[in-house]
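Written out below as structure tokens is the structure these notes cover.
Each reported figure results from applying straightforward, stated rules to the coordinates on display, with no laboratory input. On a predicted model such as this, the values are computed, not experimentally measured, just so you know. Here the Cβ is made from the backbone with ideal geometry for all residues, glycine too, and neighbour counts use every protein chain on show.
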Amino acid sequence: MANIFEKFIKAFFKNLFRRKKHIKLGLYGPPNAGKTTLANKICEDWLGESMGKVTNVPHETREIQIKEQINIKSGNKEISFNLVDTPGIATKIDYEDFMKFGLTAKKAKKRAKEATKGVIDSIRWLDNMDTVVVVLDATKDPYSQVNITIIGNLEARKIPVLVVANKVDLKKAKIKKVQSAFPQYHVVGISAKYGNNIDEFYESLFKVVG
Amino acid sequence: MLTLQFVPYSEIEYISSVGRIRKLLNIAKENRIVLLEGRLKKEEEAELIKATMEEINKDFKGIELSVIYPNKKESDLFRKLKKGFVNMLLGDRQGLTIIGPASIVREIKKDPDKIQLFTEDDTRAKKRRKK
Ligand SMILES: Nc1nc2c(ncn2[C@@H]2O[C@H](COP(=O)(O)OP(=O)(O)O)[C@@H](O)[C@H]2O)c(=O)[nH]1
Ligand SMILES: [Mg+2]
């Protein structure tokens with residue numbers, strides 16, 4: 001009798017924890033690649049609301065943003081995850097670059113300070129991720145060391161990666177070049193802003209999350 | 001003025017990750033370009049970026065970083081055959097790492113076969129020529 005009771009308790013807690021365990025899906029990449037635009041697209045598609053502010057000024061996202069419990073369905077497949085939008089990773093931050101967008105020196109310096117903290121947090125959070133979507137601007141050189149460092153660190157931590165070549169709506173976008181830079185990864189070309197090829201992105205996500 | 005400082009692998013081989021990163025970052029902060037024989041570990045690259053971010057101020061704007069991997073041109077099969085053996089002997093001693101202060105090195109462009117260092121002096125020279 002006691003035995004059955006024990007089993008029941010164990011099963012109960014097992015279920016409780018299973019339900020609580022959510023995949024953390026991180027968005028990484030260099031600043032301005034379109035991480036937040038993609039986060040908004042995902043949230044709009046599956047929750048009907050947006051997630052974060054998007055501007056053309058780099059380092060708009062300076063703190064980790066989390067949207068909990070997003071369920072994506074396709075056919076009879078379903079995945080559920082917490083979406084983590086990161087400030088992204090850069091090796092340099094110059095406050096004077098922000099002044100070119102019309103910020104005062106004081107505001108630009110404050111933004112730079114916050115941006116450096118954001119990069120540090122992004123790197124710290126790498127260890128918490130279960131799966132990562134690396135968002136790259138397909139109009140830019142994919143061989144930048146930041147991209148290679150991000151992907152290398154995910155590889156070293158054995159975190160599954162999906163590479164997104166974003167901004168394919170622009171003429172200068174070169175998906176093939178991104179593919180040849182990261183031949184060992186699944187690369188999907190999308191426009192986070194206009195929704196081009198977003199279904200293929202979700203399909204790829206199913207494959208990577210498994 | 002462009003100053004390059006060559007750091008042989010033997011100089012960092014037996015110091016801790018923290019010490020390595022400190023050493024390299026200090027050279028870059030003195031406005032010199034580091035040419036390191038070999039590579040950092042992936043995790044050390046991330047730590048280097050973290051340390052760089054902590055030190056950014058109005059004079060130090062960060063770094064340009066580039067790692068050149070060896071044997072890029074060799075055929076895949078040959079590379080795979082050799083890799084195991086050479087890695088055993090040389091490990092992270094292979095390749096070359098360039099770390100430059102961002103205020104001096106504007107960007108390091110890398111294609112599989114070539115690498116280009118754009119310095120701030122180049123930019124200014126180009127602008128002048130355009131005028
Ligand atoms: N043309 C185009 N622009 C995009 C796309 N995705 C993002 N952007 C633009 O790129 C800039 C940076 O986007 P954002 O999402 O803030 O980048 P993040 O820094 O990676 O989060 C903004 O001006 C966006 O409107 C895209 O698919 N196509
Ligand atoms: Mg953002």
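Some notes on this structure:
- Among A:I148, A:H22, A:T116 the positive-end extreme of the charge dipole of segment A:14-205 (Cβ point charges): A:T116
- Cα lying deepest toward the dipole's positive end in the protein assembly as shown, options A:N3, B:Q116, B:L35, charges on Cβ: B:Q116
- Pairs from the table (A:K24/A:K117; A:K35/A:K207; A:K117/A:K176; A:K172/B:K114) lying more than 31 angstrom apart at Cα are A:K117/A:K176.
- Whole-angstrom gap from segment B:1-25 to segment A:135-210, using each part's C-alpha centre: 33
- Each distinct pair of alpha carbons in chain A adds a 1/r term; the inverse of their mean, the Kirkwood radius, is 18.3 Å.
- Debye equation applied to the C-alpha atoms of segment A:87-210, log10 I(q)/I(0) at 0.19 Å⁻¹: -1.12
- In a fully extended conformation the segment linking A:V57 and A:F8 would gain 12.1 nm over its present Cα-Cα distance, using 0.36 nm per residue.
- Label-zone membership for segment A:120-146, site A:E203, 7 angstrom Cα→C-beta point, backbone N under 20 Å: A:133-134
- Amide H contacts under 5 Å for B:Q5: B:I33, B:V34, B:L35, restricted to partners 5 or more places along the chain or on a different chain, H placed in the peptide plane at 1.01 Å from N.
- Remark: the protein assembly as shown carries a charge dipole of roughly 520 debye about the Cα centre, counting +1 on each Lys and Arg Cβ and -1 on each Asp and Glu Cβ.
- Values of log10 I(q)/I(0), in the order q = 0.12, 0.16, 0.17, 0.27 Å⁻¹, for segment A:140-207 under a Debye, Cα-only, solvent-free model: -0.31, -0.56, -0.63, -1.28
- The antiparallel fraction among DSSP beta bridges confined to the protein assembly as shown stands at about 50%.
- For segment A:9-108, trypsin sites (Lys or Arg not before Pro) meeting the loop criterion (DSSP other than H, G, I, E, B) and having at most 13 other Cβ atoms within 10 Å: A:K21, A:K53, A:K100.
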